[in-house]
Amino acid sequence: MKKDSWVASPFMLWVVIFTVVPLAMVCWYAFTDSTGAFTLANIETIGTYWGYLKDSLVMGAVATVLCLLLGYPVAYVMSRASWMAQQTLMMLLMLPQWMNFLLRTYAWMTILENNGLINTLLGKIGIGPFHMINTKGAIILGMVYNFLPYMILPIYSVMEKIHKSLFEAANDLGANRVQTFRRVVLPLSLPGVITGITMVFVPSVSTFVISQMLGGGRNPLIGDVIERLFVGAAPNYNVGAALSLVLMVLILISMAVMKKFDDGEETGGLMM
């Protein structure tokens, strides 16, 4: 046991320095004023920013649903393809992720702007131009594009482990493709779906780079507000820490709910 504890000590040190200490600092600033005295005023001012928080939750949820609708079929196709096809699709999926996050988002600015690629192509056939940049739709599009792999990969990793004998057994029992999907594939893939939803929803709600670049600052999210409170022209660390703490609590609650569903699926089994 002592040897195991010694081996784990670097990890524990890492957790303390980069997780426990920052969280303690956030809690300290959230419940103190500029003089260091205890106060709940920072928490009480959160109602002022409810609109930003609501927009963040709604847009994050929309982006998560779109990622699920787009990513689930892709993960299913990948899991049923040959080994070589799986490797090729995986490379195509991960290739954009090798680029810098800011560069990927900046590329969408040039595509969606009024004189961008889409409006240029539409103009050649006499359609448009359409105003797409600096809108909520552009922000959601940026979320979906950047976070879609985080939905596909967990679902694919679960689906890829579904043994082919289960499909053969379903066919032997008279199930068609729709019934096989509904009673075999879908229940077994739900743990991957839950993981994918969590991995997409969390960064979507807290993002600020996408909303600044594709929203032009006209549709600020809670991440933009927090960023301004820490590094803006008039910083307020105490209110910023309070908003960060509330956002973290909401994210933890959503993760706990998703984990509850995940546990239920693991103990539920298949329904044939």
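Restricting attention to segment 130-149, the residues being under 18 Å from V77 (Cβ atoms) and either touching a Ser or Thr at 6+ places or on another chain (Cβ under 7 Å) or not aliphatic (A, V, I, L, M) (or both) number 1.
Got at least one residue in segment 47-62 being farther than 29 Å from N236 by Cβ, out of contact with any Cys (no Cβ under 7 Å at 6 or more places or on another chain) and part of a helix (DSSP H, G or I)? Within segment 47-62, one or more residues are farther than 29 Å from N236 by Cβ, out of contact with any Cys (no Cβ under 7 Å at 6 or more places or on another chain) and part of a helix (DSSP H, G or I).
Pairing residues of segment 26-46 that are under 20 Å from E227 (Cα atoms) with residues that are loosely packed, with under 10 Cβ neighbours inside 10 Å, at Cβ distances under 7 Å and at least 6 apart in sequence or on separate chains, gives F31/F38; T32/F38. Among the residues of segment 215-237, the ones that are outside any helix (DSSP H, G or I), hydrophobic (A, V, I, L, M, F, W, C) and either in contact (Cβ under 8 Å) with a residue 12 or more places away in the chain or within 17 Å of L57 (Cα to Cα) (or both) come to 1 in all.
A Cβ distance below 8 Å, combined with a sequence gap of six or more or placement on separate chains, defines the contacts here; from segment 154-173, residues that are more than 17 Å from A85 (Cα to Cα) reach residues that are among the basic types (K, R) in the pairs A170/R183.
When restricted to residues that are of a type in the set (F, W, Y) and touching a residue at least 24 places away in the same chain (Cβ under 8 Å), segment 107-137 contains 1. Close contacts from segment 240-263, counting a first residue that is part of a helix (DSSP H, G or I) and a second that is basic (K, R) and surrounded by 15 or more Cβ atoms within 10 Å (Cβ to Cβ), with Cβ to Cβ under 6 Å and a gap of 6+ residues or different chains, come to none at all. Looking at segment 209-253, which of its residues are at pLDDT below 90, closer than 22 Å to N134 by Cβ and either in contact with a Gly (Cβ under 8 Å, 6 or more places away or on another chain) or of a type in the set (G, A, S) (or both)? Correct list: G216, G217, G232, A233. Among the criteria (1) touching a residue at least 40 places away in the same chain (Cβ under 8 Å); (2) under 19 Å from the mean Cα position of the chain (by Cα), the one W98 does not fulfil is (1). Sub-7 Å Cβ pairs linking a first residue in segment 69-93 that is free of Cβ contacts under 8 Å to residues at least 60 places away in the same chain to a second residue that is surrounded by 12 or more Cβ atoms within 10 Å (Cβ to Cβ) and not in a helix (DSSP H, G or I), at least 6 apart or interchain, are L89/A81, ordered by first then second residue. Within segment 115-163, the set of residues being more than 18 Å from the chain's Cα centre (by Cα) and aliphatic (A, V, I, L, M) comprises L117, I118, L121, L122, I125, I127, M132, I133, V158, M159, I162. Under the condition of being among the small types (G, A, S) and surrounded by 19 or more Cβ atoms within 10 Å (Cβ to Cβ), which residue from segment 50-77 is nearest to D224 (Cα to Cα)? In this case the residue turns out to be S56.
When restricted to residues that are loosely packed, with under 13 Cβ neighbours inside 10 Å and in a loop (DSSP other than H, G, I, E, B), segment 83-119 contains 3.
Looking only at segment 158-180, how many residues end up being in contact with a helix residue (DSSP H, G or I) (Cβ under 8 Å, 6 or more places away or on another chain) and surrounded by fewer than 17 Cβ atoms within 10 Å (Cβ to Cβ)?
5
Condition check: crowded, with 18+ Cβ neighbours inside 10 Å, part of a helix (DSSP H, G or I) and not hydroxyl-bearing (S, T, Y). Does G123 satisfy that? Here the answer is no, as G123 does not meet what is asked.
Here is a yes/no grid of residues against (1) outside any loop (DSSP other than H, G, I, E, B); (2) under 27 Å from L92 (Cβ atoms); (3) modelled with pLDDT of 90 or more:
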position	(1), (2), (3)
F130	no, no, no
I140	yes, yes, yes
V144	yes, yes, yes
M151	yes, yes, yes
V158	yes, yes, yes
E168	yes, no, no
N171	yes, no, no
T195	yes, yes, yes
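The values are calculated or read from the model by the stated rules, or taken from the named source; none is laboratory data. Remember, predicted model here, so these are calculated numbers, not experimental data. Neighbour counts run over all protein chains shown; Cβ positions are idealised from the backbone, glycine included.
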